[in-house]
Every structure is written in structure tokens, then in C-alpha cells.
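K.L.:
Here it is, the structure, as C-alpha cells.
The values are calculated or read from the model by the stated rules, or taken from the named source; none is laboratory data. Since the model is a prediction, treat every value here as computed from it, not as a measurement. Every residue, glycine among them, receives a Cβ derived from its backbone with ideal geometry; neighbour counts consider all protein chains shown.
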Amino acid sequence: MQLNEPIIVLEDDIEILPNFFDALENIAKNRFEYVRLMQLNTGDVCQIDENFGVIKHWACGTQGYYLTPKGAQKFLRYAKSWVEPVDGHMDSYWKHHIPNVVYFPHPIRENSHALESMIADREAIESALIFKISRRVSKGCERLVKYFYDCFILKGHFSSKMR
């Protein structure tokens, strides 16, 4: 935000594709505050036009994205305390009201030759019974809030562009 200009954030385990710089130029010309350069889950995406779509599910991961200062301010405003991974918060468009816009064709992809992730041993953490129970309850609540947001807010916000 201090730079007062958009930034590109890339993880160290991605590969830049030939359309990368053209994609950045195209993204910069648009009004979006936040644009993912790829998504891991390839589920329900509502195409806005040839190059942009809105992800209507958990995109999973933040391998690369474009972010404006205004978008960064919104993310921070709705994250007074951190109780989830950053990518989980960024996926949760119903919390911060920033749609998960994704660019097509993706200008980056995961690098299959990259070293293993430095993120903590998820298998050990996720095997604990209390984690399993609390995660199931939490995800159920998230799905309910997301459902109502999708039905009543997101639908109206993009309805004219997603036909």
C-alpha cells in the first residue's frame, strides 16, 4: 500500500508462462482490485469475458496474483485478527467483498520441479480428532454464509456480466 501502485505477488514454486507479460498488461487495464493468475481448484467459474472469470468456490492457494492498493486495504480491513491462512482469507470473498477474479489463460502454473513446500506438516496436524471436528463445524458454517452471499449479494454484483 505504501507504494500506492498495484503489485504482483508470486510464490517461489511457480513457472512463468509465455503469456505472462501480456496478461499483466491486460489485467492492469481493467477495474479489478485483485486478480488470481491461476487457481488450483477448477470448479465453478463464471466467465466475465474472454480473459476474466469469477471463481465461485474455494480457489485454494495463492500461487500468484495482482493486487491494487485499494484491494489490499479491503483485505486488511476485514482481517482484524488472523485465525486462518492468508490464502484461506483471500478465498473467502463473502468476508471481504472482493471477488475471486481469475485470468485466462493462466499466465503461471505450478512448477513440478520445485522443492517441497515449507508449510508445516499438515498430515500430523489434520489427524488430530479435535482438529477434524472443529474443521467440519467451521467449514459447515462457512458454506452456509457463502451460500447466502452467493445467492443475494454476488449474484446481483456480477449478474449483468456473467450471462
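K.L.:
Need the failing condition index for Ser92 against (1) buried (at least 18 other Cβ atoms within 10 Å of the Cβ); (2) at pLDDT 95 or above, just the number.
P.N.:
The single condition Ser92 does not satisfy is (2).
K.L.:
Do we find a residue being buried (at least 17 other Cβ atoms within 10 Å of the Cβ), in contact (Cβ under 8 Å) with a residue 60 or more places away in the chain and under 29 Å from Leu144 (Cβ atoms) anywhere in the stretch 75-84?
P.N.:
Of the residues in the stretch 75-84, the ones buried (at least 17 other Cβ atoms within 10 Å of the Cβ) are 75.
From what's left, in contact (Cβ under 8 Å) with a residue 60 or more places away in the chain: none.
Scanning the stretch 75-84 turns up no residue that is buried (at least 17 other Cβ atoms within 10 Å of the Cβ), in contact (Cβ under 8 Å) with a residue 60 or more places away in the chain and under 29 Å from Leu144 (Cβ atoms).
K.L.:
Hey, another quick one. For the stretch 62-110, which residues satisfy the criterion of being among the aliphatic types (A, V, I, L, M), over 23 Å from Leu17 (Cβ atoms) and within 11 Å of the chain's Cα centre (by Cα)?
P.N.:
Val86, Ile98
K.L.:
Let me ask something else. Identify all residues within the stretch 3-19 that are farther than 13 Å from Leu67 by Cβ and assigned to a loop (DSSP other than H, G, I, E, B); write none if there are none.
P.N.:
Glu11, Asp12, Asp13, Leu17, Pro18, Asn19
K.L.:
A further question follows. Going by the conditions given, is Ile7 among the β-branched types (Val, Ile, Thr) and over 16 Å from the mean Cα position of the chain (by Cα)?
P.N.:
no
K.L.:
Need a quick list: strands (runs of 3 or more DSSP E) entirely within the stretch 23-69 having at least 2 residues that are touching a residue at least 40 places away in the same chain (Cβ under 8 Å) and touching a Cys at 6+ places or on another chain (Cβ under 7 Å).
P.N.:
Values: elements: 34-36, 45-47, 52-55, 64-67.
Output list reads 52-55.
K.L.:
Also: Exactly one of (1) modelled with pLDDT of 80 or more; (2) in contact with a Gly (Cβ under 9 Å, 6 or more places away or on another chain); (3) crowded, with 16+ Cβ neighbours inside 10 Å is unmet by Gln47. Its number?
P.N.:
Here Gln47 meets the rest and fails (3).
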